[in-house]
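Scroll down for the structure; my scribbles are underneath it.
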Amino acid sequence: MRALILTFLTWLMAMPAIASQSVPVDTGKVTASLVSTHDRIAPGQEFYIALRTVLDEHWHTYWRNPGDSGEPVQIEWELSDKLSADEINWPLPRTIPTGPIVNYGFEGAPLFPVKFKLAQDAELGSVVTVRANFYYLVCKDVCIPEQGSVSLPIAVGAPLEDLGWKPEIEAALTEVPKKGNIQGGIIKANSTVTISLLNLPEGDFSKAYFFPYEQGVLGHSEAQILRRGSKGLSLTTTADYIWNETIPETLDGVLTYENGETLRGAEISLAVGKSFDIGEVSAPEVKIAGATLWTAIIGALIGGLILNLMPCVFPVISIKALSIAKLAHGERGKIRREAWLYTAGVITTFLLLTILLLGLKAGGTEIGWGFQLQSPKVVAILAVLLFVIGLNLLGVFEIGSRLQNTGTKLTQSSGVAGSFFTGALAVIVATPCTAPLMAGAVGYALASPAFITLAVFMALGIGFALPFLLVAYIPSILTKLPKPGPWMERFKELLAFPMFAAAIWLIWVLSLQAGESGILFVLSAMLAATFAIWLLKRGSMITKTLGTLAVIVAIALSISISSTSNPGTVSRLESEAWSPSRVAELQEQGRPIFVDFTAAWCVTCKVNEKVVLNKAKTQKLFEDTNTAFLIADWTNKNDLIATELAKYGRAGVPLYLVYSNNSVSPVILPQVLSHDVIRDAIAGEKS
Amino acid sequence: MTISRILLSTLAVSAIAIVAPASAKIATGSNVSDMTVTDSDGVLHNLSDYAGKKVVLEWTNEGCPYVKKHYTTKNMQKTQALAKEDGAVWLSIISSAPGKQGYKTGAEANAWKVEQGTSLSAVVLDPSGDMGRSFSAKTTPHMFIIDESQTLVYQGAIDDNRSANPKTVAGAKNYVIAAMEDLKAGYEVAVPDTAPYGCSVKYGS
């Protein structure tokens, strides 16, 4: 007996080594081979064999659900009867976009591991053969179906691991998504599906993506809009055809996320018709596919530049322009210093605003661009401030007078503080205006981590300050500016009137926010401010004290204003208040819907109303097409509206949506409207 | 990242000058908006010209293995012949951009039409991809059927075997023929929406 065993062992050792990799087959764009965790296995043992595919650069093969086009990798096994094979352990898919098409697949060298089991009765010393007939579609700009056959002999005996391939196969298996504790549901409402997920594992879910196993669950090329809650997250995207058919009770797939820079995946099973409370705090995280940090920064930069031309900023910018003109023919160094100080003022104010925004966001308040104007107190203070600046421009009081706390002296003195505070003031009055290109960038910024928010707002600030920096550094512009003279005094006085106009507009905004009592308070505050100026112009201690007192009264009056719950209607169009349920109702009736996300303090919105929406032509268009006109008024704080804005990646108004009758999800119109754009959108034309 | 890509994505982010469709796919059952397209003979076609007739749209790309599967086996030609018999208009659309696989000039398209023994009504040349994008055509082949009242009644694959292997044509369920039969019998299309399969449409970027 002992002799027999010894002989057997000797034979085992003498047996020629069997390679654990098959001869690779080059099918054209891919080289395929079989690799194994074991060179030799014992009867009854489980082990893994993987189809290893090495793709040419930029070529890809497809996941089990290939996405919009393509075909999955397929393996057909030809096995010795002692072997049994399990299913493919699919590697983590990536989204591969090509134009408007999105595929799910792999690049590089994906491994497709499969678990094998050797039967108990396999004969020691025999060799079992694994043959894989494989097929894959491999695509770059064109697609090629490739196929081949590879085989690998495995010895039966004392187990022997393959030191070369085992670690690689194990690494691939670690990457394979596993069923964790994630609890998930999926519901369809109108044309969108929302996936809600709880009990998430540790990791970064800011780029989370759901890959369904089945086709037809969701539009593969549609963005999956992500929201974080305290308990989980939700993904909202467009529903596909499966929802019109009999749906299984659960829909399965893979959720990908990141953990320490590496992509991870979890297999999840979504209960159909179920929605979980993800504990959504009011600051949703929004990611629209395609928006990247750089595009947001560039968008912000250009947006900031254009912001200079917006009506709310113009008066303040004019003051700055004037001071530049004054210096234009003088010392260049001084102009540059001024320009840099102005830039510093702009950027510091943006920074402070951003920090304030982040603080409020962390505190759970739903906020966005222009949020401070939702507070009637801020509107009142701004109105008084603009009024006082106007008085100063008219010459009611002098630059040299020792006024404190009005900001006027600060903006008027040509010194350090003057330039700095003109910058600050420009930013504050700019906030009600949204420039083109800004909406996307700001929306992205507010939905991103704090440092990105800061970076994007910085870019906005730099863009905003850029014109003056350019003027200071391009001498040819300076010499073209008119020579200083008495005309400057007239021009300065003239600028008082846009200031007063801006103040009137703010008072009107206030009337919608705080009603009649608000008007009473703000006008009284203006009276107190004027009285303070008059008092402070006198020299004595008593008048100064009284003057300071009057300033305090002016401020106190302004901040005692509180909003009334009933904001006035913003538009003259026959309209209804917006709500998600009203949209659903109207969609049921098959009516086209125009949704106007607006606010009284939003100048861009007002311009669109004036120029397009309130025009008879547009009203007639709505009547003729039986379009419902819904208004979502964000003049005062409203979390429902803020959430809806976030859904479209926006952090502010205006936002215009059109639901035409032949498309169930809305079309987002540009921020600067035109009659034709609305007409085409209602007709369902996708230009 | 190239400059043009940055600009493009900046535009996409801002969604300013462009009306961004939030949903790309046209729902089955919607009225198909009229759109003018040019065929290989330079003749203009408008979908509304065909009100009162059934229209079958076939996205094609000669180089695509899945298209080859249906042409070498004459499956596509057979489907075309049946549609023609039924009085339907058949438009084969090439949305490949110039330089991309499947792109054809008018003369090339006409030659291909004859070589393949097709019985289609016209080959629509859509090198800009406008028509393809507006229908959300994803693959070649990708099939659409529009009924007499200009309503989209079918969109998706030609059959239920999603392979490029020509052997799989026999025994597969041809969705287009099934839908045409449903319509002919006066029924609603039983399977109105399936996942198309094949190569991606070679749109210009």
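The values are calculated or read from the model by the stated rules, or taken from the named source; none is laboratory data. Please read these numbers as outputs of a predicted model, since none were measured by experiment. All Cβ positions, glycine included, derive from the backbone under ideal geometry; neighbour counts span all protein chains shown.
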Checking A:Ala42 against (1) over 15 Å from A:Lys140 (Cα atoms); (2) in contact with a strand residue (DSSP E or B) (Cβ under 9 Å, 6 or more places away or on another chain); (3) modelled with pLDDT under 90: exactly one of these is not met. Which one? (3)
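Looking for something hydrophobic (A, V, I, L, M, F, W, C), part of a loop (DSSP other than H, G, I, E, B), modelled with pLDDT under 90 and farther than 18 Å from B:Ile145 by Cβ - is there at least one such residue anywhere in region B:24-32?
Step one: list which residues in region B:24-32 are hydrophobic (A, V, I, L, M, F, W, C), which gives B:24, B:26-27, B:32.
From what's left, part of a loop (DSSP other than H, G, I, E, B): B:24, B:26-27, B:32.
This time we only want the ones that are modelled with pLDDT under 90, so: B:24, B:26-27, B:32.
Among the residues that remain, those that are also farther than 18 Å from B:Ile145 by Cβ are: B:24.
Within region B:24-32, one or more residues are hydrophobic (A, V, I, L, M, F, W, C), part of a loop (DSSP other than H, G, I, E, B), modelled with pLDDT under 90 and farther than 18 Å from B:Ile145 by Cβ.
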Residue under question is A:Ala651, and the condition is that it be more than 16 Å from A:Pro592 (Cβ to Cβ) and away from chain B (no Cβ under 14 Å); does it hold? no
Out of curiosity, is A:Pro484 more than 21 Å from A:Val384 (Cα to Cα), touching a helix residue (DSSP H, G or I) at 6+ places or on another chain (Cβ under 9 Å), surrounded by fewer than 24 Cβ atoms within 10 Å (Cβ to Cβ) and at pLDDT below 80? yes
Number of the condition not met by B:Tyr187 [criteria: (1) over 19 Å from B:Ser92 (Cα atoms); (2) of a type in the set (Phe, Trp, Tyr); (3) in contact (Cβ under 8 Å) with a residue 24 or more places away in the chain]: (3)
Restricting attention to region B:144-171, which residues are of a type in the set (A, V, I, L, M) and over 13 Å from B:Tyr66 (Cα atoms)? B:Ile145, B:Ile146, B:Leu152, B:Val153, B:Ala170
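Yes or no, residue by residue, for (1) in contact (Cβ under 8 Å) with a residue 12 or more places away in the chain; (2) β-branched (Val, Ile, Thr):
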{"position": "A:Phe134", "(1), (2)": "yes, no"}
{"position": "A:Leu160", "(1), (2)": "yes, no"}
{"position": "A:Ala171", "(1), (2)": "no, no"}
{"position": "A:Thr192", "(1), (2)": "yes, yes"}
{"position": "A:Pro201", "(1), (2)": "yes, no"}
Cβ-Cβ distance below 7 Å, separation of 6 or more or different chains: which pairs start in region A:281-303 with a residue that is within 8 Å of chain B (Cβ to nearest Cβ) and end on one that is part of a loop (DSSP other than H, G, I, E, B) and at pLDDT 80 or above? A:Ile288/A:Ala223
Check B:Val153 against each of (1) of a type in the set (Val, Ile, Thr); (2) within 15 Å of the chain's Cα centre (by Cα); (3) more than 14 Å from chain A (Cβ to nearest Cβ) and name the one condition it does not meet. (3)
Among the numbered criteria (1) of a type outside the set (A, V, I, L, M, F, W, C); (2) surrounded by fewer than 16 Cβ atoms within 10 Å (Cβ to Cβ); (3) touching a residue at least 12 places away in the same chain (Cβ under 8 Å), which one does A:Pro167 miss? (3)
Would you please name the residue that is modelled with the highest pLDDT, looking only at residues in region A:313-339 that are over 20 Å from A:Leu425 (Cα atoms) and assigned to a loop (DSSP other than H, G, I, E, B)? A:Glu331
Of all residues in region A:47-79, how many are among the β-branched types (Val, Ile, Thr) and either within 12 Å of chain B (Cβ to nearest Cβ) or not in a strand (DSSP E or B) (or both)? 1
In region B:92-191, which strands (runs of 3 or more DSSP E) lie fully inside it and hold 3 or more residues that are of a type in the set (A, V, I, L, M)? B:122-125, B:142-146
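With the condition being outside the structural domain of A:Thr53 (by TED's automatic domain parsing) and within 37 Å of the chain's Cα centre (by Cα), I'd like the strands (runs of 3 or more DSSP E) fully within region A:133-210 carrying at least 1 qualifying residues. If you could, list the steps in order and put the result at the bottom.
Numbers: elements: A:143-156, A:183-189, A:192-198.
Ranges flagged: A:183-189, A:192-198.
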Please count how many residues of region B:54-66 are part of a helix (DSSP H, G or I) and surrounded by fewer than 24 Cβ atoms within 10 Å (Cβ to Cβ). 1
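For region A:609-659, name all the residues that are more than 25 Å from the chain's Cα centre (by Cα) and polar (S, T, N, Q).
The answer is A:Asn614, A:Thr618, A:Gln619, A:Thr625, A:Asn626, A:Thr627.
Can you go through B:Lys173, B:Lys138 and tell me which one is among the basic types (Lys, Arg) and out of contact with any His (no Cβ under 9 Å at 6 or more places or on another chain)?
B:Lys173
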Find all pairs meeting these conditions: Cβ atoms under 8 angstrom apart; at least six residues apart or on different chains; first residue within region B:123-143 and within 11 Å of chain A (Cβ to nearest Cβ) and more than 19 Å from B:Ile158 (Cα to Cα); second residue buried (at least 22 other Cβ atoms within 10 Å of the Cβ) and of a type in the set (A, V, I, L, M, F, W, C). B:Gly129/B:Val201
Considering residues of region A:509-526 that are of a type in the set (S, T, N, Q) and touching a helix residue (DSSP H, G or I) at 6+ places or on another chain (Cβ under 9 Å) only, the residue surrounded by the fewest Cβ atoms within 10 Å (Cβ to Cβ): A:Ser524
Out of the residues in region B:39-87 that are of a type in the set (A, V, I, L, M), out of contact with any Phe, Trp or Tyr (no Cβ under 9 Å at 6 or more places or on another chain) and closer than 20 Å to B:Ile26 by Cβ, state the one that is farthest from the other protein chains (Cβ to nearest Cβ). B:Ala51
Checked pairs for region A:450-465, first not assigned by TED's automatic domain parsing to the domain that holds A:Ala300, second assigned to a helix (DSSP H, G or I) and at pLDDT 85 or above, C-beta under 7 Å and 6 or more apart or across chains, list as none
In region A:84-116, what residues are hydroxyl-bearing (Ser, Thr, Tyr) and either away from every other protein chain (no Cβ under 14 Å) or assigned to a loop (DSSP other than H, G, I, E, B) (or both)? A:Ser84
Within region A:225-241, can you find the residues that are crowded, with 20+ Cβ neighbours inside 10 Å, farther than 21 Å from B:Ser134 by Cα and either at pLDDT 85 or above or within 13 Å of another protein chain (Cβ to nearest Cβ) (or both)? A:Ile225, A:Gly232, A:Leu233, A:Ser234, A:Leu235
Taking the condition of being closer than 18 Å to A:Phe276 by Cβ and either crowded, with 20+ Cβ neighbours inside 10 Å or in contact with a Lys or Arg (Cβ under 6 Å, 6 or more places away or on another chain) (or both), how many residues in region A:188-211 meet it? 10
